[in-house]
Amino acid sequence: MKDTPYRGRFAPSPSGNLHFGSLVAAIASYCQAKSHEGVWLLRIEDLDPPRAIPGADLAIIKELTRFNMVSDEPVIYQSHELQQHDYFKALEYLIDNKHCYPCLCTRKMLIQHDIYPNTCQNNLFPCTQEHAIKIKAPDQDFVFIDKIQGTQSQNIQKQCGDFNIRRKDGLICYQLAVVIDDAKQGITEVVRGIDILDSTGRQIFLQQTLNLTTPVYAHFPVLTYANGNKLSKQNHAKEIYGEDSYELTRMALQVLGQEPPKLTIKNQGHMLRWGIENWDIKKVPSVKEVTFDSETRLD
Ligand code: GLU
């Protein structure tokens, strides 16, 4: 029997152009998909319109094109009506099946709690006050084999407790949206940064509750400079607009453990091709952090 055709994705939030960390995510997911002769899709995760930078989506698409990575199917936007419709349909299903409750807690009330103290757990719908919608976390270990990080076990109740799937301002939360989108786009494997590893248990729980298939997961390590600074958007990583695409692709493959050669002709397309042809996910370091040495400052 032939395996299901590989479908992977890259799902940036449009809060700026690509930075080196997100380029690594794009290259890792792209090489993994293309080395499996798979489809690679781009999804813009713009669930939070006030935080989206106008034009960042187009800048990302343009920059990915400069790096020879183009979505094999039309780009999906989480803010679009078609997507939103499906999120709210899933939300309705979860409410109808008594998995959720309205939560009136304010951010201030929850600030000292890592785990939700179940304050609103007995609240019922309908609720006339402005409310968030929380889903009840089961006391269950969600075990999965991460292709890079190995076997993982996450208990949502011990990790964060009941969690929001719709915010007080009415916006759908990432955990619910990503699960619907991955299922709808038929994603078979998710390759992304380790900062999202902790979310995976919640996503598997939502998939199981909504009768959706769980993809395979692979989380690559966060990049850290020798001085301990993490290369992330939160740390204001520098956007890579205009940087040498050949060199950045080579560096990305290097931090992903792939040992790329220095090509005589410094051509980005050739470097990416080398990456696909020689890609081996088993070589990606199975650690949480990789110290990253670069002559080019990228933060
Ligand atoms: N939108 C998330 C980010 O930009 C990625 C989410 C995911 O890959 O599941 O960090």
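Against the chain, whose longest principal axis comes from its Cα atoms, helix 81-96 is set at around 40 degrees. With runs of 4+ DSSP H residues as the only contributors, calculate the mean residue ellipticity of the chain at 222 nm using -39,500 (n - 2.57) per run, divided by the residue total and rounded to the nearest 500. Result for the chain: -9500 deg cm²/dmol, rounded to the nearest 500.
Applying both filters, DSSP loop and at most 10 other Cβ atoms within 10 Å, to the chymotrypsin sites (Phe, Trp or Tyr not before Pro) of the stretch 68-157 eliminates every site.
Each residue, Thr151 and Ile53, gets one label point 7 Å from its Cα in the Cβ direction; the gap between the two is 4.3 nm. How many angstrom lie between the C-alpha centres of the stretch 141-178 and the stretch 39-54? Centre-to-centre distance over Cα atoms comes out at 19 Å.
Cβ-Cβ distance of Lys98 and Asp293, R₀ of 51 Å, FRET efficiency by 1/(1 + (r/R0)^6): the value works out to about 0.45.
Within the chain, what percent of beta bridges assigned by DSSP are antiparallel, to the nearest 5? Each step should come with its number before you reach the end.
Details: 16 of 32 bridges.
Given both bridge residues lie in the chain, the antiparallel proportion sits at roughly 50 percent.
Springs between Cα atoms under 10 Å define the GNM used for the chain, and in it the highest mean-square fluctuation of Arg202, Arg167, Arg192 occurs at Arg167. Relative to the longest principal axis of the Cα atoms of the chain, helix 174-184 runs at roughly 70 degrees. Note on Val70 and Lys158: the model spin-label points, each 7 Å out from Cα along the C-beta direction, lie 4.9 nm apart.
Can you compute the FRET efficiency between Asp86 and Phe125 using 1/(1 + (r/R0)^6), with r the Cβ-Cβ distance and R0 = 25 Å? Round to the nearest 0.05.
On the way: r = 20 Å, r/R0 = 0.82.
About 0.75, to the nearest 0.05.
By the rule of a C-alpha distance below 29 Å, with chain neighbours fewer than 8 residues away ignored, the lysines paired with Lys283 are Lys2, Lys34, Lys147, Lys230, Lys233, Lys238, Lys262, Lys266.
Would you please give the FRET efficiency between Asn118 and Tyr241, computed as 1/(1 + (r/R0)^6) with r the Cβ-Cβ distance and R0 = 35 Å, to the nearest 0.05? Between Asn118 and Tyr241 the formula returns 0.15. With all protein chains in place and a 1.4 Å probe, the accessible surface of the stretch 193-233 carries 48 percent carbon and sulfur.
Fully extended, how many nm does the chain gain between Gln254 and Thr213 (0.36 nm per residue separation, minus their Cα-Cα distance)? If you can, show how the numbers build up before the last one.
Values: separation 41, 0.36 × 41 = 14.76 nm, distance 3.25 nm.
Going from the current span to full extension adds 11.5 nm.
Would you mind pulling out the separation of the Cα centroids of the stretch 61-122 and the stretch 226-288, in Å? After rounding, the separation between the Cα centres reads 30 Å. Could you list the GluC sites (Glu not before Pro) in the stretch 81-145 that lie in coil according to DSSP, counting only those with at most 11 other Cβ atoms within 10 Å of their Cβ? In loop regions of the stretch 81-145 (DSSP not H, G, I, E or B), the sparsely surrounded GluC sites (Glu not before Pro) are Glu130.
Probing with 1.4 Å while keeping every protein chain in the model, the per residue accessible area of the chain equals 51 Å². Calculate how steeply helix 200-209 sits against the longest principal axis of the alpha-carbon atoms of the chain, using the helix alpha-carbon long axis, and give the answer as 0 to 90 degrees to the nearest 10. Computed tilt is about 50 degrees.
The values are calculated or read from the model by the stated rules, or taken from the named source; none is laboratory data. Quick caveat, the model's predicted, so the values are computed rather than measured. Counting neighbours? That spans all protein chains shown, and the Cβs are built from the backbone with ideal geometry, glycine included. Surface areas here come from the heavy atoms of the whole protein model, side chains and all, with no ligands, DNA or RNA. Shrake-Rupley method; radii C 1.70, N 1.55, O 1.52, S 1.80 Å.
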